[in-house]
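Asks: The following block contains the structure, expressed as C-alpha cells.
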Amino acid sequence: MGIVFYKYLQGIKVNLLSINGDKTHYIQFKTKNKPTPKIKFLGVYIHDTINWNCHIEYIIPKLSSACYMTRSIKPFMSLSTLKTVYYSYFNAIISYGLPFWGNSPHAMKIFRMQKRIVRIMMGYKNRASCRNLFRKLEILPFESQYILLLMLFVVKNKNLFTLNSEIHTKSTRQFNNFTSP
C-alpha cells in the first residue's frame, strides 16, 4: 500500500499540484471484519472493510424523519403532492450513491423504510402488502431502483466495458454482448 501512495505523491509533484491537509483523508482497506475507522466521502460513509452498514445506519434516521414528515402532512395534501415529497426527500436520500451500497445485505433496512413510507402515503396499516401499492403509486421498489441505476451506469459508460467481439473473432449470439468479468 505504501508504494501506491508514494506513486500518488510523485504524480502530485510532477503535475505541480498541492494537497490540502484539512480535506485529505487516507484509508487503508482490509478484509478482516473488526472495528476500524470510517470516512465520509462525497456524502457516502465508507468503512475500511467495504462494509456499507455505517452508511445505511447514517441514512436511516433521515428516512425515518421523511416518514414522520409524510405522516404529518398526509391529511392536508393530495396523493400527487405526497409523491412529489417522496421523490424530492425520501427517494433523493436512497438513490444517492445507490450503485455502490445497494447490494449490501444491510440494504434490506432501507427497503423496509421504503415500504413504510408507501404505506403511510396510501393510508395502509403496518402489515399490509406493498406490492400493489408500489404499482398504484408507480414507484420502483428499492431493488428495482438499484438495478435501474446500475443499468444506466452501464449505458452511460459503455466505453469502460469490453465486448466479446474484442476478445474473440467467432461470430456467436453473444458476439456484441459485454464480456463477463
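Residues checked against (1) at pLDDT 75 or above; (2) more than 20 Å from the chain's Cα centre (by Cα); (3) outside any loop (DSSP other than H, G, I, E, B):
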{"position": "TYR8", "(1), (2), (3)": "no, yes, yes"}
{"position": "GLY11", "(1), (2), (3)": "no, yes, yes"}
{"position": "SER64", "(1), (2), (3)": "yes, no, yes"}
{"position": "THR70", "(1), (2), (3)": "yes, yes, yes"}
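Asks: Given (1) without any contact (Cβ under 8 Å) to a residue 12 or more places away in the chain; (2) over 20 Å from ILE27 (Cβ atoms); (3) of a type outside the set (Phe, Trp, Tyr), where does SER95 come up short, assuming only one miss?
Replies: (1)
Asks: For PHE111, state whether it is touching a Phe, Trp or Tyr at 6+ places or on another chain (Cβ under 6 Å), within 19 Å of ILE56 (Cα to Cα) and not basic (Lys, Arg).
Replies: In short, yes.
Asks: Still on this structure: Hand me the list of helices (runs of 4 or more DSSP H) wholly inside region 100-181 holding 2 or more residues that are surrounded by 11 or more Cβ atoms within 10 Å (Cβ to Cβ) and over 19 Å from the mean Cα position of the chain (by Cα).
Replies: Result: 108-122, 131-137.
Asks: Another question, then. Please work out if ILE27 is modelled with pLDDT of 70 or more, within 30 Å of ARG119 (Cα to Cα) and not in a strand (DSSP E or B).
Replies: no
Asks: Related question: Since THR49 meets every condition but one in (1) farther than 16 Å from LEU137 by Cβ; (2) part of a helix (DSSP H, G or I); (3) in contact (Cβ under 8 Å) with a residue 12 or more places away in the chain, which condition does it not meet?
Replies: Unmet for THR49, out of (1) farther than 16 Å from LEU137 by Cβ; (2) part of a helix (DSSP H, G or I); (3) in contact (Cβ under 8 Å) with a residue 12 or more places away in the chain: (2).
Asks: Where the second residue is among the aliphatic types (A, V, I, L, M) and assigned to a loop (DSSP other than H, G, I, E, B) and the first is in contact (Cβ under 8 Å) with a residue 12 or more places away in the chain and lies in region 117-131, which pairs have Cβ atoms under 7 Å and are six or more apart or on separate chains?
Replies: Pairs that qualify, where the first residue is in contact (Cβ under 8 Å) with a residue 12 or more places away in the chain and the partner is among the aliphatic types (A, V, I, L, M) and assigned to a loop (DSSP other than H, G, I, E, B), are VAL118/ILE139; ARG119/ALA128.
Asks: Here is a list: PHE134, PHE111, PHE142. Which entry is free of Cβ contacts under 8 Å to residues at least 60 places away in the same chain and in contact with a Gly (Cβ under 9 Å, 6 or more places away or on another chain)?
Replies: PHE142
Asks: When you scan region 110-119, do you find a residue that is of a type in the set (Val, Ile, Thr) and in contact with a strand residue (DSSP E or B) (Cβ under 7 Å, 6 or more places away or on another chain), even just one?
Replies: No, region 110-119 contains no residue that is of a type in the set (Val, Ile, Thr) and in contact with a strand residue (DSSP E or B) (Cβ under 7 Å, 6 or more places away or on another chain).
Asks: So, one more: Inside region 60-84, can you point out the residues that are hydrophobic (A, V, I, L, M, F, W, C) and farther than 18 Å from ILE94 by Cβ?
Replies: If the condition is that a residue be hydrophobic (A, V, I, L, M, F, W, C) and farther than 18 Å from ILE94 by Cβ, then ILE73, PHE76, MET77, LEU79 are the ones that fit.
The values are calculated or read from the model by the stated rules, or taken from the named source; none is laboratory data. None of the values given here were measured: they were computed from a predicted structure. Glycine also receives a Cβ, built like all others from the backbone with ideal geometry; neighbour counts cover every protein chain displayed.
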